[in-house]
Amino acid sequence: MTSPRKHLVKDFNHFITCYVCKGYLIKPTTVTECLHTFCKSCIVQHFEDSNDCPKCGIQVHETNPREMLRLDNTLEEIIFKLVPGLREKEQQQEIEFWRSRKWKENGEDGPRSKRSRLDDDDDDDNDGGGDGDYHRSDPQIAISLDCLRNSSLVGENIVKGLMKKFIRCSTRVTVGTIKKFLSLKLKLPSSYELDVLCNGEIMGKDHTMEFIFMTRWRLRGETAYPMVLEYRPRIDFG
């Protein structure tokens, strides 16, 4: 019986290197129009001079192509696992960069705050939870979270309206994260389930705010903002 062939890192270079700088992808960022992925710094700098994808030439956006970028944290973790020492090397280079900027001369602890931010990014999950800078650079969306009142629903007495129902979050935030947010704010039991609806339709927990806005939120013009999501106790149709 033959032993399985061992793969070298170079076997995967086509998938984990940047088309622009030819190095390993650092903070891999995907253009949603064509799904080509580049280093975040490479593609952001490219878009300073062009609205086209540097690999295929497609026009990404007429005026602001950066709105069509999405960080690929899963790919970043795969690359760090494939290339030994890459994560530590990049973190050290960022620390040295901030030292070169001499933040401490201005009374700021640049390297430590930057390292903390990087650690937060590594620890956050992909659903947008957490209190760090995870989605701060993403396009934002305004949402109104309205309690759907129905006296016939079980649990209506503990599901209340929010004192501050308007929030602003990343378009990448999922319905699952919104449910966690509501459960925290309403102090619901951990086993308590909510439904989140848009225009009367129950939204799946993996639906992002961008997906709901593009496919379910039908209002446009001055009445389009904020997007209204309603919540209520989970209804068991079984």
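The values are calculated or read from the model by the stated rules, or taken from the named source; none is laboratory data. Quick caveat: nothing in here was measured; it's all calculated off a predicted structure. Cβ: placed from backbone, ideal geometry, glycine included. Neighbour counts: every protein chain shown. All accessible areas refer to the heavy atoms of the entire protein, side chains included, with ligands and DNA or RNA removed. Shrake-Rupley method; radii C 1.70, N 1.55, O 1.52, S 1.80 Å.
Worth a mention:
- Computed log₁₀ I(q)/I(0) - Debye formula, equal Cα scatterers, no solvent, the range 5-61, q 0.13, 0.19, 0.21, 0.29 Å⁻¹: -0.34, -0.64, -0.75, -1.22
- Whichever lysines have a C-alpha closer than 19 Å to that of LYS205, once near sequence neighbours (fewer than 8 apart) are set aside: LYS179, LYS180, LYS185
- Surface accessible to a 1.4 Å probe, HIS61 within the full protein complex, Å²: 50 Å²
- Inter-site label distance for VAL44 and VAL9 at 7 Å from Cα along Cβ, in nm: 2.5 nm
- Entries of LYS40/LYS164; LYS27/LYS165; LYS6/LYS55; LYS10/LYS40 with Cα pairs more than 28 Å apart: LYS40/LYS164; LYS27/LYS165; LYS6/LYS55
- Legend: calculated FRET efficiency, GLN91 to GLU62, from the Cβ-Cβ distance at R0 = 45 Å, rounded to 0.05, equals 0.75.
- Annotation: peptides 34-44, 48-58, ranked by per-residue average of other Cβ atoms within 10 Å with the highest first, follow the order 34-44, 48-58.
- Gain upon complete extension [ASN199, VAL83; 0.36 nm per residue less C-alpha separation]: 37.1 nm
- For LEU197, residues with placed amide H under 5 Å, excluding near neighbours: MET203, GLU230, TYR231
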